[in-house]
Structure formats: structure tokens, C-alpha cells
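Any read-out appearing in this document is the output of simple, stated calculations on the displayed coordinates, not a laboratory observation. Please read all numbers here as calculations on a predicted model, not as lab measurements. Glycine gets a Cβ as well: all are built from the backbone with ideal geometry, and neighbour counts include every protein chain shown.
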């Protein structure tokens, strides 16, 4: 039996999400007895979110149980008539076998539940902090924004490791922590930057690495190329600030209306495009492009 006081809601939530994602078979349910554990959690929890998740999961698993039973019922009915005499002759033996099987199944369930509890307590990124759990939930949504490629890691575990690495680096959950979480979520959800999410899911970028990447490092290849162009343009314009240019009184300043300016021409676009005119007012220092 599950004691309500021993239920760690954060761990339970993560496990339920993971169970929803796994393709659990009827054989697995029968072997582990996890359905019984989830049902007990449903009865003892007062958390509405956990209750909803357990009901949804049990409903999904119930379909696995009922379908084989219906399929086998006709076969059992056909066999029951032919074996009536034989079964009546050995009722005590069959009862003994059933009791033995039930006892073995009960022991196996207890053993699996014990192993599951032990593995949960050893998770290094476990937390019950509400803010951190919310961050992990948002990261799960970001990693699941589109289809998950084959061979991907567990999104719940990956999200927990990303958040845990950020928390360890920042040391708290204040403004810096929030900015770091939001920047990861924004870039993982960016449909124009699918490579980042894919690399995280497939393990090319570890959660610990993602936690400390700069905005520039997380950007898509297309955006990186655009940034490089802007940096080159800024560099060229900075060179113009040093160059006094050619003095002229034919250009009037757009700001002070004086005709005491200098100008320079620079190729900022492709070779087929006309050169760009950069003007400096020697009177007020205002700069503009012509």
C-alpha cells in the first residue's frame, strides 16, 4: 500500500509523464504490476493534476487488458464444455495452483515496487521546488513542440538535467535563472532553428552544455550568417567614422540645415549594386546615409 505522506508529487508527476510516452504492453503490466501501483496513487493523492494523469493512464492501460480478455473468452467457453468432467475431478489441485500463482505475483509486485522506489531516490536531479518543476514542465513542452525523432532521449529526463545544470550554474531561481530558462525555451521552440532541438534530443548537445550556451551559440546557421553580415557592415561603418571623407558644400545637413559636410562612398551590398553614400555634417556631427 502507498502511504499518502510518502508520495513525492514531483517525482510522481515525472514518472506518469514518462509512462504516458512509453509503449507499455500487457505483458509488461502483468510482469511489473505497475498498474496496481498507479491505481493506489490515484486513490491516495489529493493533487488534482496527479489524479487526472493517473486516471488517463489507467484508462489507456485498461484497453490493453480488456481486448485480449474478450478475444480469449470464446476460446475458453469452447474448451470449458469438453473439460468439465476433468476439471471437476481435480478442483482442489487447481485451487492450490491458483493460490501459488497469486502468491508469486504478489511477491513480484512488491519486489518491482521496491526497485522502482530505490531508483527514484537515487535520481541526482530530483527537486520539490515549485518554480524549478514549472521550468522543467516548460522545457518538456519546448522539446516536444514537434515530432520527436527516433533514437531520442527521454524528454522528461533531458528537461530535468537542463534545468538542474542551469540551477547549479546560477545558484538560485532569481532573475538570472529565469532569463536563462526562457532563452533555452525560446530557442528550443523556434521552428526556424530545428537543428538545436534535434541535437539535444539525440545527444549531440548534452543538457549540461545547453545550460551554458550563449544566445549566439544556440542560434540557427541562417541567423549566424545574417549576424556576420551585420557585423561586417558595422565594421565598415566604423572605418568611415575615422575617414573624414571629401568635403563639400553641395549637401545640406538634414539636422542643422548647414551646408558644411563631408561624404564617403562604400560598397555595402553585392558588387552589382550601387555604392552607398555616407555623409557627415562637420557643423553638428550628424551622420546619415545618402
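Fewest Cβ neighbours within 10 Å first, please rank 14, 265 accordingly.
265, 14
Footprinting exposure proxy ranking of 278, 19, 186, fewest other C-beta atoms within 10 angstrom first, gives 186, 19, 278. Each residue in 221, 164 was given a count of other beta-carbon atoms within 10 angstrom of its own, and listing them fewest first yields 221, 164. Applying 1/(1 + (r/R0)^6) with r as the Cβ-Cβ distance of residue 176 and residue 289 and R0 = 41 angstrom yields a FRET efficiency of 0.60.
The overall shape of the stretch 139-224 is oblate: from the C-alpha gyration tensor, with semi-axes ordered a ≥ b ≥ c, the ratio a/c is 1.5 or greater and a/b is no larger than b/c.
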